[in-house]
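Data first, discussion second: the structure below is written as structure tokens.
The values are calculated or read from the model by the stated rules, or taken from the named source; none is laboratory data. Note that the structure is predicted; figures quoted are calculated from it, not measured. Cβ coordinates were reconstructed from backbone atoms using ideal geometry, including for glycine residues, and neighbour counts include every protein chain displayed. The protein model used for the area step is the full one, side chains on, heavy atoms only, and it has no ligands, DNA or RNA in it. Shrake-Rupley method; radii C 1.70, N 1.55, O 1.52, S 1.80 Å.
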Amino acid sequence: MSHISVLLHETVDALLANRDTGIYIDGTFGRGGHTRLLLSKLGPDAQVYGFDKDPQALAVAHQLEQEDSRFHIIHASFADIQTELNQRGIEHVDGIMADLGVSSPQLDQAERGFSFMQDGPLDMRMDNSQGQTAAEWLLHIEEEALANIIYQYGEERYSRRIARAIKQAGLLETTAQLAELVKAAHPKWEKHKHPATRTFQAIRIAINKELEDIEQFLPQAVDLLKPEARLAVISLHSLEGRLIKQFIQKESTIAEDSGWGMPQQQIDTRRLKKISRIRASEEEVKANPRSRSAWLRVAERLV
């Protein structure tokens, strides 16, 4: 299955807000769907910088660099966005977008080890040029820590049973081995959902530090935005969505401050205003079932 960019036009249109020039950032280049549409709507003096950790995504990005001189790829996580851009002399930008989570090519390639749908090496690294594979990580993590991760990142109620089974099994080398083990350990399967779904999600999030990266990325993104510039972020599961929602809420709400015996004072610390929250349409979900849980949240820098 080729990669279909989720909420493609909604994201780019919200990001640009009828502008056609400036410096824009795609924090998760992937296979370049959002970036290509963005470039098609920008004038000759605009610049777009893409970030990605995945070597296969980088190969696609380098090809786009050859095709369009306005585009530049950076091999890094968007968690390092401020440092990477500052090193290139960029302190403020006109818009930042990100499509969080795992991409279709990563899921669909058995050798990447992200999916229980087809057998492959138990890898799961978004940047498979460095770091521990999922197999290595599972071998060394303590049972209690693993159970907590499966519970927190997978929202899996049977996390302790599953963690115990994984640790008792020893080395697991393939996705099929892990999927079958979880299946056997899981006492109650959800309808229309493989019993290993939540466990695979949790392990993937943990070894790629996905939530930590988001927590680092969001405040840096706001620091980089010019006044009236926009942040547009797509989430595909509730853990990501909650982080973005809470961050935008905090940055767009006036904090209250009251001293001893003094009337309550409001200090305007807002840096963002909420623009919109959009989910994939019925038509998009029919064409791309993976978009069914997608939410786009858009906010604008105030000052």
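Please name all residue pairs, on different chains or six or more residues apart, with Cβ atoms under 9 Å, provided the first residue is in the stretch 183-195 and is at pLDDT 90 or above and the second residue is exposed (fewer than 10 other Cβ atoms within 10 Å of the Cβ) and not in a helix (DSSP H, G or I). Sorted first by the residue in the stretch 183-195, then by its partner, the pairs are 195/188. Taken over the stretch 87-124, the criterion of being within 22 Å of residue 302 (Cβ to Cβ) and out of contact with any helix residue (DSSP H, G or I) (no Cβ under 7 Å at 6 or more places or on another chain) is satisfied by 90, 91, 94.
Tell me yes or no: at least one residue of the stretch 61-76 is out of contact with any Gly (no Cβ under 9 Å at 6 or more places or on another chain) and under 22 Å from residue 214 (Cα atoms). Scanning the stretch 61-76, I find at least one residue that is out of contact with any Gly (no Cβ under 9 Å at 6 or more places or on another chain) and under 22 Å from residue 214 (Cα atoms), so the answer is yes.
Please work out which residue is nearest to residue 4 (Cα to Cα), limiting yourself to the stretch 107-134 and to residues that are open to solvent by 40 Å² or more (accessible area, probe 1.4 Å), part of a loop (DSSP other than H, G, I, E, B) and of a type outside the set (A, V, I, L, M, F, W, C). Ranking the qualifying residues of the stretch 107-134, first place goes to 109.
Every residue, every condition in (1) at pLDDT below 95; (2) open to solvent by less than 10 Å² (accessible area, probe 1.4 Å); (3) not β-branched (Val, Ile, Thr), yes or no:
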position	(1), (2), (3)
154	no, yes, yes
169	no, no, yes
178	no, yes, yes
203	no, yes, no
222	no, yes, no
242	no, no, yes
245	no, no, yes
260	yes, no, yes
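Looking at the stretch 55-65, can you tell me whether even one residue there is at pLDDT 95 or above, part of a helix (DSSP H, G or I) and open to solvent by 70 Å² or more (accessible area, probe 1.4 Å)? Looking through the stretch 55-65, at least one residue is at pLDDT 95 or above, part of a helix (DSSP H, G or I) and open to solvent by 70 Å² or more (accessible area, probe 1.4 Å). Of the candidates 169, 147, 163, 176, the single residue that is out of contact with any Gly (no Cβ under 6 Å at 6 or more places or on another chain), of a type outside the set (Lys, Arg) and in contact (Cβ under 8 Å) with a residue 24 or more places away in the chain is 176.
Looking across the stretch 275-297, the residues that are in contact (Cβ under 8 Å) with a residue 12 or more places away in the chain, in contact with a helix residue (DSSP H, G or I) (Cβ under 6 Å, 6 or more places away or on another chain) and not in a loop (DSSP other than H, G, I, E, B) come down to 278, 284, 291, 292, 295, 296, 297. If you scan the stretch 79-106, which residues turn out to be hydrophobic (A, V, I, L, M, F, W, C) and either open to solvent by 50 Å² or more (accessible area, probe 1.4 Å) or in contact with a Lys or Arg (Cβ under 9 Å, 6 or more places away or on another chain) (or both)? The answer is 79, 93, 96, 97, 102. Among the residues of the stretch 1-29, those identified as in contact with a His (Cβ under 7 Å, 6 or more places away or on another chain) and surrounded by fewer than 24 Cβ atoms within 10 Å (Cβ to Cβ) are 5, 8.
The requirement of being under 25 Å from residue 227 (Cα atoms), in contact with a strand residue (DSSP E or B) (Cβ under 8 Å, 6 or more places away or on another chain) and of a type in the set (S, T, N, Q) is satisfied by residue 35.
Here is a yes/no grid of residues against (1) under 24 Å from residue 81 (Cβ atoms); (2) in contact with a Leu (Cβ under 6 Å, 6 or more places away or on another chain):
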site	(1), (2)
94	yes, no
118	no, no
133	no, no
144	no, no
165	no, yes
186	no, no
